[in-house]
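Q: Dropping a structure here in structure tokens format, bear with me for questions.
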Amino acid sequence: MLACDVFHVDCALTLQRIYVFLVLEVGSRYVHVLGTTTNPDGWWTTQQIRNLVMDLGHRVGKFRFLIRDRAGQFTTSCDAVLADMGTKTVKIPPRCPPANCYAERFVLTARTELTDHRLILSQRHLHTVLVECIRHYNGRRPHRSHELRPPRPTHPVANLNSQRTKRQQVLGSLISEYEWAA
């Protein structure tokens, strides 16, 4: 199952609102950030879904449902692309964000760990910061539902009971990553 959401970040320099389109694999909690834009229309959303289908490759048939809200940028062409890959679109009830709890939880994580502590200067800056945040989230951040393992570990998971751990700071010391010391 997939869950998708579009959330906004306000740019401090240009005073624009930048929208981020993300899709989360519910089973593994792996996050795909599909793109950022200042104008999330139906064409853009459909193209981002097409890009996701290409990125998933042979794994695309594994996902039977995509949970999304009823926002205007999700058009019938977007639903048609998903239907062609065998994924049924499930719309949450109006004004009920808790029905899309997995995507909403990631949005809360992104806001509290990233945008609440950093001024975003441009769309390019947001993209750069999001790439680093997603790299950490997918490869190093522990998840309770997965016995404190990340979705796709990029390093051996550190044993925090050991006395020899090393801390590395990421995103200007907003996030800390731990690993075994040599």
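The values are calculated or read from the model by the stated rules, or taken from the named source; none is laboratory data. What you see is a predicted model; the values in this text were computed from it and never measured. Please note: Cβ atoms are built from the backbone with ideal geometry, for glycine as well, and neighbour counts cover all protein chains shown.
Q: If I go through the stretch 3-22 residue by residue, how many of them are over 15 Å from A71 (Cα atoms) and hydrophobic (A, V, I, L, M, F, W, C)?
A: Looking only at that region, the number is 6.
Q: Conditions first: (1) crowded, with 19+ Cβ neighbours inside 10 Å; (2) free of Cβ contacts under 8 Å to residues at least 12 places away in the same chain; (3) among the β-branched types (V, I, T). T76 passes all but one, so which condition is the exception?
A: In the conditions (1) crowded, with 19+ Cβ neighbours inside 10 Å; (2) free of Cβ contacts under 8 Å to residues at least 12 places away in the same chain; (3) among the β-branched types (V, I, T), T76 misses (1) alone.
Q: Being of a type in the set (D, E) and either in contact with a Pro (Cβ under 7 Å, 6 or more places away or on another chain) or over 30 Å from T38 (Cα atoms) (or both) is the requirement here; does E179 meet it?
A: Against the criterion (of a type in the set (D, E) and either in contact with a Pro (Cβ under 7 Å, 6 or more places away or on another chain) or over 30 Å from T38 (Cα atoms) (or both)), E179 qualifies.
Q: Which of the residues belonging to the stretch 28-48 are surrounded by 14 or more Cβ atoms within 10 Å (Cβ to Cβ), in contact (Cβ under 8 Å) with a residue 12 or more places away in the chain and over 14 Å from the mean Cα position of the chain (by Cα)?
A: T37, P40, G42, W44, T45, T46, listed by residue number.
Okay, residues lined up against (1) in a loop (DSSP other than H, G, I, E, B); (2) at positive phi; (3) in contact with a helix residue (DSSP H, G or I) (Cβ under 8 Å, 6 or more places away or on another chain); (4) loosely packed, with under 14 Cβ neighbours inside 10 Å:
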residue	(1), (2), (3), (4)
G57	no, yes, no, yes
I67	no, no, yes, no
N100	no, no, no, no
T112	no, no, no, yes
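Q: Out of all the residues in the stretch 135-159, which are closer than 14 Å to L174 by Cβ and part of a helix (DSSP H, G or I)?
A: Hits for the stretch 135-159 are R135, H136, Y137.
Q: Which of the residues that make up the stretch 3-15 are touching a strand residue (DSSP E or B) at 6+ places or on another chain (Cβ under 8 Å) and surrounded by fewer than 16 Cβ atoms within 10 Å (Cβ to Cβ)?
A: H8, D10, listed by residue number.
Q: Could you check how many residues of the stretch 114-125 are part of a helix (DSSP H, G or I) and more than 21 Å from D69 (Cβ to Cβ)?
A: Adding up the residues that qualify gives 4.
Q: When you look at R95, is it of a type in the set (K, R), in contact with a strand residue (DSSP E or B) (Cβ under 6 Å, 6 or more places away or on another chain) and assigned to a loop (DSSP other than H, G, I, E, B), yes or no?
A: When the stated conditions are applied, R95 does not pass them.
Residue by residue, here is whether (1) among the polar types (S, T, N, Q); (2) under 26 Å from R144 (Cα atoms); (3) part of a helix (DSSP H, G or I); (4) in contact with an Asp or Glu (Cβ under 7 Å, 6 or more places away or on another chain) holds:
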site	(1), (2), (3), (4)
P40	no, no, no, no
T46	yes, no, yes, no
M54	no, no, yes, no
A83	no, no, yes, no
T128	yes, no, yes, no
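Q: Just wondering, is there one or more residues in the stretch 16-23 that are among the hydrophobic types (A, V, I, L, M, F, W, C) and either in a helix (DSSP H, G or I) or surrounded by fewer than 13 Cβ atoms within 10 Å (Cβ to Cβ) (or both)?
A: No - not one qualifying residue is present in the stretch 16-23.
Q: Let me ask you something else. Can you tell me which of V107, V90 is touching a Leu at 6+ places or on another chain (Cβ under 9 Å), among the aliphatic types (A, V, I, L, M), modelled with pLDDT of 90 or more and more than 15 Å from Y137 (Cα to Cα)?
A: Answer to the selection: V90.
Q: Do we have R50 as assigned to a helix (DSSP H, G or I), out of contact with any Ser or Thr (no Cβ under 9 Å at 6 or more places or on another chain) and either modelled with pLDDT under 90 or of a type outside the set (S, T, Y) (or both) here?
A: Answer is yes for this residue.
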